[in-house]
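One structure is given here, and the rest of the page talks about it.
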2 protein chains.
Amino acid sequence: MFERFLSNETKYLRTSEIRDLLKLTEGRNVISLAGGLPDPQTFPVEEIKKIVDDVLLNNADKALQYTATAGISEFRKELVNLSRLRGISGIDERNVFVTVGSQEALFMLFNILLDPGDNVIVEAPTYLAALNAMRTRKPNFISITVTERGPNLDELERKIRNTHNDGKKIKLMYVIPTAQNPAGTTMTTEDRKRLLEIASKYDFLIFEDDAYGFLVFEGESPPPIKAFDKEGRVIYTSTFSKILAPGLRLGWVVAHEDFIKEMELYKQNIDLHTPSFSQYIAMEAIRRGVIQNNLPKIRRVYKEKRDVMLEAIETYFPKDARWTRPVGGMFVFAWLPEKIDTTKMLEKALQRGVAYVPGSSFYADYSGKNTMRINFSFPKKEELVEGIRRLGDTIKQELST
Amino acid sequence: MFERFLSNETKYLRTSEIRDLLKLTEGRNVISLAGGLPDPQTFPVEEIKKIVDDVLLNNADKALQYTATAGISEFRKELVNLSRLRGISGIDERNVFVTVGSQEALFMLFNILLDPGDNVIVEAPTYLAALNAMRTRKPNFISITVTERGPNLDELERKIRNTHNDGKKIKLMYVIPTAQNPAGTTMTTEDRKRLLEIASKYDFLIFEDDAYGFLVFEGESPPPIKAFDKEGRVIYTSTFSKILAPGLRLGWVVAHEDFIKEMELYKQNIDLHTPSFSQYIAMEAIRRGVIQNNLPKIRRVYKEKRDVMLEAIETYFPKDARWTRPVGGMFVFAWLPEKIDTTKMLEKALQRGVAYVPGSSFYADYSGKNTMRINFSFPKKEELVEGIRRLGDTIKQELST
């Protein structure tokens, strides 16, 4: 009806497949392995309640008022401390920027950095909402296969050299080195250093998404690439959605001050600043150790759920499927026999009462037709088992037709 | 240093003059009439505290979790009720969209609607942060003089006819009909209806910013233009920043469902959704009548402060200056003798210990060199008097040189 009033760019917007799916399953007897929600039992509700009472008693005038675009100064200092727990040093509050979830960091930085046609390296598969945000900038995607230990760096170097041989440059690589979404893989420390050397050699930026850096539940969580960055070449983002509560909508960026200043200008246009009230809550949660003390519980809950899911997959999936064995995060990624198109199979899965995300959404070129992402953080354990059983039945049925 | 990595659009970003000013005045003995902050004594802190306790007791799992992109369904229903208090009827939750402050509504809709070169009508002067968000879309601005009762509609019709005679169309008009920022003027009901008829005749959209609709403290607040809209031609936005607390960062849009759907797609890229926690607080504040019951106090506080400011201006400003006498909102706008350039005068005012916003920032063409916006909502009454005295001295000094 109002089509004539829309801007030309508006038509490039695509709905998020995950969200459409969530709508499909609403109010139906469907076990959803499609989401990416934290388990609400990991929310430190009592501690948040105490914090909010104290904030409203002592700092209501500030916590309810407008604040600076880059974030509350004292909160940015606490984010320096929190980032140090991930091994990032040599920064101060001027290198920190507060966003409305890390999604806003993705949106802002892709807009600040990318022009149409720019060469952008992404993992295949990679985070769907990052891909969608990038797509609005119409870049040229260069996809790198994700192996069991993250992106294949030999393939990466080869493709970069090809690009350079064509007289073109790389603008940036978007990468999730730890407990990757959707693949669940984690890069080794050596590979992180090597990737940084490659970026330096070919002069491109690394945009590192460390959403799951605190959520490694097996072995050590390797330091983020940002921890090795001496040139200011790495832009780092993380989120409170997985370690405190997504409903506060808080993320942060650690980057060279030049980028922080550009973000400040841009965010004035978008929403002036991130909610002060949320910032005060998270600031106190860091100061009081609420986040730090809650991490062991989160890791335990997710490790248990992962184990339940992997065991169920082992039991119910066909033998010629393969899947990741994540050491952190919230997802398992599966490759089914080539014959299966997971997008086409989805309707049948929903009829059997289980939802997942078809994997092609996670590929810049929409390949990965036979892949799927399944979530273990939100469903209850018995739902995980029953969901995987239903999914296994769907797959076997699909293979037999 | 990293200039080479920035997108072409990034250079169109301009810093907000208001925010730069606020930085200038930090930590100095300067009375700032430059801001646009609500008086913190208007925050219903005790009621918010009670609400937060109840929300965390009864709905923590939802209030701390991810939610729908358009906003929490029950909250959108409450926003239908709140909008009805402004005279808007015939809508349901599908016409409502929740944003991170009304700034995000401005940003999103200008991006959804505007292409470079599109003809956009704005008031002269108009809200600076809206202008800056629009500027990134590189439209062609058509400025309409603001008179004592809002935009001059004869001038508007003349300029639209000229545009049409050139074979071009108007895309939209951005307008603040009530307690306009910065001018403080309010359109009559007749003019609102006439403007809507003009929009219908020439087939353009009206983007109505009703930030101060609930803040009319003298006489009745006329219904917003949206209240007369039968065609879905008016996109309406308002905010909780003035009627509850800006630190929650909550705004909302009322519009035809076609626009709501486009916003939903776009916001998935920007920040997924507006903080659930803030939404729960505001939802309960509507349900419990906290907002409605708090309005008389807010209006009384601001009316008293306006009176103090106007009396001080009468006393200390030169006789050949003129200024608005706002019946609502937070600002007085002043026209000084033509000789004065308020941008150049600012440094001298700061030396005398008072800050204001030079008016040219509020004009699409940066005219209005002799104008200024001064805020009465935030400073204490004695600061208002002393600030205006210092400002009067600065102006008289400037006139005598």
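The values are calculated or read from the model by the stated rules, or taken from the named source; none is laboratory data. Remember, predicted model here, so these are calculated numbers, not experimental data. Cβ atoms come from the backbone with ideal geometry, glycine included; neighbour counts cover every protein chain shown. We work out accessible area using only protein heavy atoms, side chains counted, and drop any ligands, DNA or RNA first. Shrake-Rupley method; radii C 1.70, N 1.55, O 1.52, S 1.80 Å.
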* Give me a single rounded figure for A:100-106: the average over its residues of other chain Cβ atoms within 10 Å of their Cβ. => 5
* Of the beta bridges DSSP finds with both residues in region B:46-291, what % are antiparallel, to the nearest 5? -> 35
* Structure fact -> Sorted by chain and number, the residues with a modelled amide H under 5 Å from that of B:Arg288, at a separation of 5 or more or across chains, are none
* **Accessible area of chain A divided out per residue, in Å², using a probe of 1.4 angstrom** => 35
* Asked: Shape of region B:266-355 from its Cα gyration tensor (a ≥ b ≥ c, root eigenvalues): rounded if a/c is under 1.5, otherwise prolate when a/b > b/c, or oblate?
  -> oblate
* Asked: Using alpha carbon centroids, what distance separates region A:34-50 and region A:80-108, in Å?
  -> 22
* Asked: Label-to-label distances across copies for B:Asn81, with labels 7 Å out along Cα→Cβ, in nm, shortest first?
  -> 4.1
* Asked: Quick one: with all protein chains in place, what share of the accessible area of chain B is carbon or sulfur, to the nearest percent (1.4 Å probe)?
  -> 47
* Asked: Rounded to a whole number of µm²/s, how large is the Stokes-Einstein D of the protein assembly as shown at 10 °C and 1.306 mPa s, given Rh as the Kirkwood radius over C-alpha pairs?
  -> 57
* Reduction of at least 20 Å² in accessible surface, 1.4 Å probe, comparing all protein chains with the chain by itself, residues of region A:217-251 -> A:Glu231, A:Pro246, A:Gly247, A:Leu248, A:Arg249
* Point-to-point label distance, A:Arg158-B:Ser200, nm (Cα→Cβ direction, 7 Å offset) -> 6.6
* Structure fact -> Check: C-alpha center region A:181-252 vs C-alpha center region B:115-162, spacing in Å is 45
* Cβ-based charge dipole, region A:46-291, positive-most Cα from A:Leu156, A:Gly232, A:Ser276 -> A:Leu156
* Asked: Taking only C-alpha pairs under 8 Å that are 6+ residues apart, what is the relative contact order of chain A in percent?
  -> 24
* Quick one: label points 7 angstrom along Cα→Cβ at A:Asp154, distances to the other copies in nm, smallest first? -> 8.1
* Enter the mean number of other protein chain beta carbons within 10 Å of the beta carbon of each residue in B:110-119, as an integer. => 4
* Once both labels are modelled 7 Å past Cα along the beta-carbon direction, what's the B:Asp341-A:Asp341 spacing in nm? -> 6.7
* Asked: Quick one: length gained pulling A:Glu148 to A:Glu220 fully straight, 0.36 nm per residue minus the C-alpha distance?
  -> 24.3 nm
* At B:Asp54, with labels set 7 Å past Cα in the Cβ direction, how many nm apart are the copies from this one, shortest first? -> 2.6
* **Chains A and B, summed buried accessible surface - 1.4 Å probe, Å², nearest 100** => 7100
* Would you list A:Trp323, B:Trp252 from the most to the least accessible area, probe 1.4 Å? -> A:Trp323, B:Trp252
* Send over the Kirkwood Rh of chain B, from the inverse of the averaged 1/r over different Cα pairs, rounded to one decimal Å. => 22.0
* Average partner coverage of B:41-53, which counts Cβ from other chains inside 10 Å -> 3
* **Interface residues in region B:66-83 - accessible area drops by 30 Å² or more relative to the isolated chain, probe 1.4 Å** => B:Tyr66
